[in-house]
Amino acid sequence: MSDHNLDYKKTIEVSANANQLFNALTDEMHLWWGKISDSNFDTNGRFTVTFENNYWWTFKIVEFLPNREIIWKCIAGEPEFNKEWIGHVLHWQITEKNSKTTLQFHHVGLNPDINCYDVCSTTWDMFIIDRLKNHVNKQVVKN
């Protein structure tokens, strides 16, 4: 049994409001993460994300609370080395306070005990800190 205290977690603060950040985690995911297909963004919905190298993962949406929280469970995926993601839970929590919005992300199961930890944690840093944060902050400038 792995220790969830060692799981990958990341917290960022953005200038966007909770609704703009929530939209980035649903309808605008293709603008910062990967190509989204077969999507139904709602509780018990699903979506598949595919990357430029044709690696893909399918997630079931376990929790869908607009502007507050989304929980995804990985139910299928490729490539071979990342099949260890299957069963992992990705938990996104949004808190808006004083015109700033905080996103707390917890990838339950992604810890140093699994093979892809170094690659996956570094890649999550890029997607969350660089791409997602930049995307939502640019949305604020546009509006």
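When the residues of region 1-34 are filtered to those that are in contact (Cβ under 8 Å) with a residue 60 or more places away in the chain and among the small types (Gly, Ala, Ser), the one that is surrounded by the fewest Cβ atoms within 10 Å (Cβ to Cβ) is Ser2.
When Thr101, Thr43 are checked against the criterion of being exposed (fewer than 14 other Cβ atoms within 10 Å of the Cβ) and polar (S, T, N, Q), Thr43 stands alone in meeting it. The single condition from (1) part of a loop (DSSP other than H, G, I, E, B); (2) modelled with pLDDT of 95 or more; (3) under 17 Å from Val108 (Cβ atoms) that Met1 fails is (2). Which of the residues that make up region 35-93 are touching a residue at least 40 places away in the same chain (Cβ under 8 Å) and under 12 Å from the mean Cα position of the chain (by Cα)? Those that are touching a residue at least 40 places away in the same chain (Cβ under 8 Å) and under 12 Å from the mean Cα position of the chain (by Cα): Ile70, Trp92. Within region 51-71, restricting attention to residues that are touching a Leu at 6+ places or on another chain (Cβ under 9 Å) and of a type in the set (A, V, I, L, M), the residue that is surrounded by the fewest Cβ atoms within 10 Å (Cβ to Cβ) is Ile71.
Among the residues here, Trp92 qualifies as out of contact with any helix residue (DSSP H, G or I) (no Cβ under 8 Å at 6 or more places or on another chain) and within 21 Å of Tyr8 (Cα to Cα). Thr48: of a type in the set (Val, Ile, Thr) and exposed (fewer than 15 other Cβ atoms within 10 Å of the Cβ), yes or no? Here the answer is no, as Thr48 does not meet what is asked. All of Leu31, Leu25 fail the test of being of a type outside the set (Asp, Glu), touching a strand residue (DSSP E or B) at 6+ places or on another chain (Cβ under 9 Å) and closer than 16 Å to Ile129 by Cα, apart from Leu25. If I filter region 72-85 down to residues being within 21 Å of Arg131 (Cβ to Cβ) and modelled with pLDDT of 95 or more, which single residue comes out as surrounded by the fewest Cβ atoms within 10 Å (Cβ to Cβ)? The selected residue is Cys74.
Could you check, for region 95-109, whether at least one of its residues is in contact with an Asp or Glu (Cβ under 6 Å, 6 or more places away or on another chain), among the hydroxyl-bearing types (Ser, Thr, Tyr) and in a strand (DSSP E or B)? Yes, there is a match, as at least one residue in region 95-109 is in contact with an Asp or Glu (Cβ under 6 Å, 6 or more places away or on another chain), among the hydroxyl-bearing types (Ser, Thr, Tyr) and in a strand (DSSP E or B). Given the condition on the phi < 0 side of the Ramachandran plot and part of a strand (DSSP E or B), answer yes or no: does some residue in region 79-86 qualify? Scanning region 79-86 turns up no residue that is on the phi < 0 side of the Ramachandran plot and part of a strand (DSSP E or B). Filtering region 7-17 for residues that are in contact with a Phe, Trp or Tyr (Cβ under 7 Å, 6 or more places away or on another chain), modelled with pLDDT of 95 or more, among the hydroxyl-bearing types (Ser, Thr, Tyr) and more than 20 Å from Ser121 (Cβ to Cβ) leaves an empty set.
The values are calculated or read from the model by the stated rules, or taken from the named source; none is laboratory data. Here the structure is a predicted model, which is why all the values come from computation and not from measurement. Virtual Cβ from ideal backbone geometry, glycine too; neighbours counted across all protein chains shown.
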